[in-house]
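Here's the structure, in structure tokens; my notes come after.
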Amino acid sequence: DESNTDDEEETAALLAELQRIRKERAEAKSKKETEERDQAEKIKINQAITGNPLLNPEQSSFLVKRRWNDDVIFKNCAKDNDRDHKKNFINDMLRSDFHRRFMDKYIK
């Protein structure tokens, strides 16, 4: 009988130890999930705050980025191909009516 009760006591002790280990793991897991959730929430709030350039003026400069060819004369030449319009003054020698007539007459 004593060996049988010893076995039962050992089994009860092992089951109690197993329950304690499971409880510790569950607590550690829930703590880890809580920390991850808090961290994700902090990241989300930080992104919401820094994502708006109006609330974070030191990071962004409100300068308009321009290309190197934005202010050249010949940029929109293809848009000005309609030659059927009446004579008007253009302050660009290459797009003036006189220059176009000259090029049509002597070059082509």
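None of the figures in this text is laboratory data; all of them are computed from the coordinates on show. These numbers come from a predicted model, not from an experiment. When we count neighbours, we look across all protein chains shown, and the Cβ atoms used for this are built from the backbone with ideal geometry, even at glycine.
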Note, the stretch 20-26: 3J(HN,Hα) by Karplus (6.51, -1.76, 1.60, θ = phi - 60°), whole Hz, Gly/Pro = x, goes 5, 5, 4, 5, 4, 5, 5
Between the modelled labels at D92 and K108 (7 Å from Cα along Cα→Cβ) the distance in nm is 1.9
Counted neighbours (other Cβ, 10 Å), sorted fewest up, put S3, S30 in the order S3, S30
